[in-house]
Structures are given as C-alpha cells and as structure tokens.
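Contents: one structure, followed by commentary.
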Amino acid sequence: MGSSKLHQNDANCVWVDGPVIVGAGPSGLATSACLTQQGVPSLILEKSDCLASLWQLRTYDRLKLHLPKQFCELPLLGFPHNFPKYPTKHQFISYLESYAGHFSIQPRFNQAVQSADYDHILGFWRVKTQDSEYISRWLITATGENAEPVIPDIPGINKFNGPVVHTSSYKSGSEFKNQRVLVIGCGNSGMEVSLDLCRYNAIPHMVVRNTVHVLPREMFGFSTFGIAMALIKWFPLWLVDKFLLLVANFILGNTDQVGLRRPKTGPIELKNVTGKTPVLDVGALSQIKSGEIKVMEGVKEITGNGAKFMDGQEKEIDSIILATGYKSNVPTWLKGCDFFNKDGMPKTPFPNGWKAEKGLYTVGFTRRGLLGTASDAVKIARDIARQWRPNDSCSNSHVILLKET
C-alpha cells in the first residue's frame, strides 16, 4: 500500500506509521512508490485537491516535456509505449495518475502544511495542517523548486492599467488576441509563451534582462540533452559545453545578433552551478529573427499604458505576462531547520542534498529535473527501509501525550 496506516485520536492528532511526505507532485509520488517497493508505508499531504497541481493547474495548454520521455520517467514504471518522444502536458498528467494508481498511492488532499517542527524531547516530527497534526519519525519535503511563483518588484507595475499575469495563470494566447504583450523573462516559459502569442496575432515584446543560452532541442535528429548526457560520461565538462555551443551556433546562428547574448560560462556548467536551465528552442528563435517576437532590453519603468526600457525606448502595451519562474516555499513552513538556505534550497549540493538530520529528507531540489527526482527518491527509500521496523507504530495514548505536551 502507498498509504500509511494511521492512528487518530479525537483531537485530530494523527500518528503515521511511515514517513510523512509533503507534496503530491512527481517528487512525492516517486518517493512514495519507492518506499512501497521497500515495504514501507507513507502518507502524502497535498495542499490542493489533485495530484501534480503545478502541472494540472498552473501550466499553459501547449506545454510539452522539454526532454525526451526516457529522461522524465519516474522510478519503477515507465511511460506507455504509445506516448510520443515529447509527451504533452495532458499525457504527462495521465502518466502521473496511472503511476499513483499502480502503487495505490492515496494522498490526503486539501491539507496545507502550515508548520513542521522536530520535537527534540520525543524524537518525532510534528506536521501541522489547517485541521490536523501528523506525527512521524520521518519527514520528506517534496514541495520542490517550483512551489510558488516569483513575482518581481518592477518600478511602476502597480500603475499599469491592463492585466498583469504570471505564466502560472497563463493558459493560451487566445486571451491576448491582437494585443501588444510585454513578456518579462526569456527562459523556456518566456520563449514558449511568446511563440504561443504569435499564433494568435499578438505582438510579444520579450524582455531579456540577462544573458541566456539557447540550444536547439535536437542536434542531428537526437535530443541535445541526450547527446550531452552521453558525452559527459567520456569527456570533460568544458569540452562537452564547447561542442554543444559549436553545434548550436552552426544550427541556430549567432544568437547575440538578435539580442540573446550568451553567458561566458558554458550551458551544462552554468546549469550545474546556478541551476539556470538553457532554453531548448522549439520555434521561438525563428520568430525572433523574423521580427514577430520583439526582443527588448531590461524594463526601466512600467507606466499606465506601456513601458520604458533601459535603452531609452518606450512602448505602448496592452498586457503584461511575468515569465519570471518559481521558487521553493520550504522556509515558510519548515521550522527550526538550517539544512535549507534562505531560498529554500538544500545547502548541501547535489548529489548529497537528499538527506538531512533527525529523519528529514528532501526530494526534487537537485536542479536536475525529473532525473534528479528519481535519483533522490530511490536513495531516500533505501535509507528509510534500513531503519524501518514494521511494528514501529504508536498507541493512541502516545499520540494524546504528544498533543498535551
């Protein structure tokens, strides 16, 4: 069973026989499945009313996986064979739902974790939601790197008369037909939203504040990411980066000429050091070259009906879309723990950031996508299985004692 046996008293205090997992996204599901395989029950607490809420509720309609499906599989159960190389958002969600069903994972939905503290006297984690308190020897944070939208503080944005939306609320360019749209951010989301807007005769003005690596999604018919992963096993990282940039320049041309300046650090090294993902081009670059997507320098100020830019230009704008990414929310609810930094990421770098102290684990914070998630989930399950004793349950009187202390 994916779900742990629960012991509950009248005061809404619940003893969980296995680990408490916070978050029912891919990270939480993968960890629960790996624990099930090891014979360890678990309980997932999820603040929304569905699995993978980021994917279901906060992604745009045309989203596809950026990497081939073999790099996005969760442990123990692969994608259906009939799925395309790059599954759609809806196919990925259906895979996650099948995955949960296969391993009998039944999260407790509508349980927003408000705080999680380690009780040093009793040696247990106390996880409080809006209506219950869960007690367990182990706590697994699976809320991931993308829990909350990042909303930047842009001068004058409160004066703007039109709509301002984060990409987490963006569904389709059909809502912005024939509009002049300011897209702030030039990562994968910013590029894809700009491309989507073009399909509805909108005029996207994409703000590029920093340097960015743009790579073709495929090189010579093979996934760029797959090529990089294969080469990295045999060659030093700097040489792999050099090769990727050489081929990217051959296929895409010099992106500096269209306002997309490359960083001095290579794409794989930059990803490893900062977590900043290179953009895998799915068509936006040709729209930039043709002038359909306007590349703009940083925003100096937003006005009532437009924007002033760092290079002195001023444009009238109908809507603003913030493609400014996401952040971890761990610091808002995990208390008394210095394992995470102020940004909610483990201080210990990959590949050792999955285990803290006192039964605390983290999954989905590797900055290495679903491959990193799968790696973490397997390690965590093995580690907890070594500590697991099937009769490690707690009587209701013990739970009541916890509540009264």
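The values are calculated or read from the model by the stated rules, or taken from the named source; none is laboratory data. These numbers were taken from a predicted model, which means no experiment stands behind them. Cβ placement follows ideal geometry from the backbone for every residue including glycine, while neighbour counts extend to all protein chains displayed. To get the accessible areas, we keep the full protein, side chains included, count just its heavy atoms, and leave off ligands, DNA and RNA. Shrake-Rupley method; radii C 1.70, N 1.55, O 1.52, S 1.80 Å.
Of the trypsin sites (Lys or Arg not before Pro) found in the stretch 217-246, those in coil by DSSP whose Cβ has at most 13 other Cβ atoms within 10 Å are LYS233.
Would you work out what percent of the accessible area of the chain, with all protein chains in place, is carbon or sulfur (probe 1.4 Å)? Solvent-exposed carbon and sulfur of the chain make up 51 percent of the total.
The slack between PHE109 and ASN254, meaning 0.36 nm per residue of separation minus the straight C-alpha distance, is 47.4 nm. Spin-label model, LYS89/LYS159: points 7 Å from Cα along the beta carbon direction are separated by 3.4 nm. State the percent of C-alpha pairs, over all pairs in the chain, separated by a distance greater than 39 angstrom. So the pairs more than 39 Å apart make up 25 percent of the total in the chain.
Using the Cα centre of the chain as origin and beta-carbon charges of +1 (Lys, Arg) and -1 (Asp, Glu), tell me which of GLY325, PHE109, HIS120 is placed farthest towards the positive end of the dipole. After comparing all options, I get GLY325. Extending 7 Å from Cα along the Cβ direction at LYS233 and again at SER172 yields two label points whose distance is 4.2 nm.
Ligands, DNA and RNA are left out, and with a 1.4 angstrom probe the accessible area of the stretch 150-322 is 49 Å² per residue. Putting +1 on Lys and Arg Cβ atoms and -1 on Asp and Glu Cβ atoms, find which of ASN272, ILE293, ASN161 reaches farthest to the positive end of the dipole of the chain. Highest projection toward the positive end goes to ASN272.
With a ≥ b ≥ c the root eigenvalues of the C-alpha gyration tensor of the stretch 150-322, is it rounded (a/c under 1.5), prolate (a/b larger than b/c) or oblate? Prolate shape, in that a/c is at least 1.5 and a/b is the bigger ratio.
Annotation for SER286 and PHE222: the two label points, set 7 Å from Cα along the Cα-Cβ direction, are 2.4 nm apart.
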